[in-house]
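Chemist: The structure is given below, and queries will be raised subsequently.
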Amino acid sequence: MLTKRIFLAFYIFLSICIYKTSFSQDTVKIMTYNLLNYSGTNATKDINIRKTIDYVKPDILAVCEILSQNAVNNLLSQVMNYNNPGVYSSGTFIDGPDTDNAIFYDNSKFRFISNTAIPTTLRNISLFTLLHLTTNDTIKILEVHLKASNTSSDQQRRLEEVNAMRTVTNSFRIGEEFLVAGDFNIYSSNEPAYQRLLQPDVNADGHFVDMFNLSGTWNQASYSQYHTQSTRTRALSDGGSTGGLDDRFDMMLNSTAMTMEGKIKYIPGSLVPFGNDGNHFNDSINMRPNTAVPDSIADALYYASDHLPVYAKYKFDVNTTSVSSISSALPDNFRLGQNYPNPFNPNTKIDFDIPDLRSYGSPDQRVTLKIYDILGNEVETLVDEELSAGKYTAEFNASALSSGSYFYRLTAGRFTQTKSMTLIK
């Protein structure tokens, strides 16, 4: 059984303050984009993707069909941060079979925690976990690129890929906030892979909710406003698909918790196949007029990829505290130490410092220190109590856990910090 011991070293008052607490919301825009074999070696492609990024301004961008770490680095510098220096960071890239996935995020809003590969028979599904800095809430984003084409064997492959993902999402705690996005290559609501995505399982909460809920075959004019491929009617040198907009391949589906009032919630009506005005069935996205976006953006979408990006907005509930004090309102001497020893088996210690918290309205403040596995699942709470200013040590016994990487996160008021550690048995 996991244990803890907390030792108080000192306690000093620094200031007297007055505070008030209110609640607000942080609206976050999450986008997915199939970049069509993005290698990072085509400056013209970078310019076109950049126009879309600068127009949409996503807080998180998850992409598929990216080819290498060099491509990730190039997209970060030549697209994401080109006109926004230092705003975006990229998550850990895993070079798997076939093309890969990557994630980029506004580092003033999020901290990257992990990228976990879910292997399939074709290419990896990526499970990205990020921490929202203001609320300390964790969001999981699964980026997929399922098997293409529409033969019975292709449909079976997609079902197998979804089943691999559902094995993971079914392991999440009930009420977990997560979403799946990417290029699903699904043609109809009748396809087994799509039905499996939405199918609830007993004693699990790993299924998804489609905010559009379109029945039947999607390749028809009545669904034109939802189509994402192809942006072109003629072949270009990049090898993308043609035929005009007539398929709903790119989607974003939410966990049940994301559709309900809670820490993170999908904002109804915000899901958008970007650039699709509903008037380009079997036509190129830049055929004039396009009433959804300026001509320059329609052209950029046409040349950048044969897919349209899709984005949605999410509400993160924020508890904000305004402070007036004779000293600093936000003490700068929080500290979370590296666990020692590291690697460890099975015991380790974690030191942390808590400053005078009366600038938050009380000499005591609830402090939490929690352990998470590589999937972002909470495995143990070491500390969850009101603590005064002081130096502390928490002891962690991981004898009940398997070898691997784990994360520990200290939260106190508006302060949070996460570090990793390795258990070797």
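The values are calculated or read from the model by the stated rules, or taken from the named source; none is laboratory data. Everything quoted here is computed from the prediction, not taken from an experiment. Reconstructed Cβ throughout: ideal geometry from the backbone, glycine too, with neighbour counts over all protein chains shown.
Chemist: Identify the residue in the range 187-204 that is of a type outside the set (Gly, Ala, Ser) and touching an Asp or Glu at 6+ places or on another chain (Cβ under 9 Å) and, among all such residues, is nearest to Ile141 (Cα to Cα).
Modeler: The extreme case among them is Leu197.
Chemist: Could you tell me which residue of the range 99-143 is farthest from Ile66 (Cα to Cα), considering only residues that are of a type in the set (D, E, K, R) and in a strand (DSSP E or B)?
Modeler: Top of the filtered list is Arg111.
Chemist: Further question on the same structure: Of Asp59, Asp26, which residue is touching a Lys or Arg at 6+ places or on another chain (Cβ under 6 Å) and under 27 Å from Asn136 (Cα atoms)?
Modeler: Of Asp59, Asp26, the one residue that is touching a Lys or Arg at 6+ places or on another chain (Cβ under 6 Å) and under 27 Å from Asn136 (Cα atoms) is Asp59.
Chemist: Could I ask something else about it? Quick check, is Thr167 surrounded by fewer than 19 Cβ atoms within 10 Å (Cβ to Cβ), at pLDDT 95 or above and closer than 24 Å to Asp373 by Cα?
Modeler: Yes, satisfied.
Chemist: Another one. Filter the range 166-196 for residues that are among the aliphatic types (A, V, I, L, M) and in contact with a Lys or Arg (Cβ under 8 Å, 6 or more places away or on another chain); which is farthest from Lys313 (Cα to Cα)?
Modeler: Applying the filter and picking the extreme gives Ala193.
Chemist: While we're on this one: Please determine whether any residue of the range 272-282 is polar (S, T, N, Q), closer than 23 Å to Ser222 by Cβ and out of contact with any strand residue (DSSP E or B) (no Cβ under 8 Å at 6 or more places or on another chain).
Modeler: There is at least one residue in the range 272-282 that is polar (S, T, N, Q), closer than 23 Å to Ser222 by Cβ and out of contact with any strand residue (DSSP E or B) (no Cβ under 8 Å at 6 or more places or on another chain).
Chemist: On to the next question. Taking the conditions exactly as written (surrounded by 19 or more Cβ atoms within 10 Å (Cβ to Cβ), in the same structural domain as Tyr194 (by TED's automatic domain parsing) and either of a type in the set (Asp, Glu) or in contact with a Leu (Cβ under 9 Å, 6 or more places away or on another chain) (or both)), does Ser126 satisfy them or not?
Modeler: yes
Chemist: Kindly indicate whether any position in the range 280-300 is over 19 Å from Asn185 (Cβ atoms), under 26 Å from the mean Cα position of the chain (by Cα) and among the polar types (S, T, N, Q).
Modeler: Taking every residue of the range 280-300 in turn, none turns out to be over 19 Å from Asn185 (Cβ atoms), under 26 Å from the mean Cα position of the chain (by Cα) and among the polar types (S, T, N, Q).
Chemist: So, one more: Looking only at the range 379-400, count every residue that is modelled with pLDDT of 90 or more and within 26 Å of Phe178 (Cα to Cα) and tell me the total.
Modeler: Within the range 379-400, residues that are modelled with pLDDT of 90 or more and within 26 Å of Phe178 (Cα to Cα) number 5.
Chemist: Moving on. Just to be sure I understand, how many residues within the range 229-243 are within 19 Å of Ile66 (Cα to Cα) and surrounded by fewer than 23 Cβ atoms within 10 Å (Cβ to Cβ)?
Modeler: Of the residues in the range 229-243, 6 are within 19 Å of Ile66 (Cα to Cα) and surrounded by fewer than 23 Cβ atoms within 10 Å (Cβ to Cβ).
Chemist: Still on this structure: Restrict the check to the range 103-112 and report whether at least one residue is in contact (Cβ under 8 Å) with a residue 60 or more places away in the chain, over 15 Å from the mean Cα position of the chain (by Cα) and more than 23 Å from Pro273 (Cβ to Cβ).
Modeler: no
Chemist: Being free of Cβ contacts under 8 Å to residues at least 60 places away in the same chain and part of a strand (DSSP E or B) is the filter here, so list the residues in the range 198-244 that pass it.
Modeler: Those that are free of Cβ contacts under 8 Å to residues at least 60 places away in the same chain and part of a strand (DSSP E or B): Phe208, Val209, Thr217.
Chemist: Can Ala148 be described as modelled with pLDDT of 95 or more and either on the phi > 0 side of the Ramachandran plot or surrounded by fewer than 15 Cβ atoms within 10 Å (Cβ to Cβ) (or both)?
Modeler: yes
Chemist: Mind listing just one residue for me: the one in the range 168-197 that is assigned to a helix (DSSP H, G or I) and touching a residue at least 40 places away in the same chain (Cβ under 8 Å) and, of those, farthest from the chain's Cα centre (by Cα)?
Modeler: Per the stated criteria, the residue is Ala193.
Chemist: Suppose we keep only residues that are farther than 20 Å from Ser241 by Cβ and in contact with a helix residue (DSSP H, G or I) (Cβ under 7 Å, 6 or more places away or on another chain) within the range 185-201. Which one would you say is surrounded by the fewest Cβ atoms within 10 Å (Cβ to Cβ)?
Modeler: For the range 185-201, the residue satisfying everything is Pro192.
Chemist: Restricting attention to the range 316-323, does a residue exist that is crowded, with 16+ Cβ neighbours inside 10 Å, at pLDDT below 95 and more than 30 Å from the chain's Cα centre (by Cα)?
Modeler: Yes.
Chemist: If I filter the range 40-98 down to residues being in a loop (DSSP other than H, G, I, E, B) and among the β-branched types (Val, Ile, Thr), which single residue comes out as surrounded by the fewest Cβ atoms within 10 Å (Cβ to Cβ)?
Modeler: Thr41
Chemist: Can you name the number of the only condition in (1) within 22 Å of Pro273 (Cα to Cα); (2) in contact with a His (Cβ under 9 Å, 6 or more places away or on another chain) that Leu142 fails?
Modeler: Here Leu142 meets the rest and fails (2).
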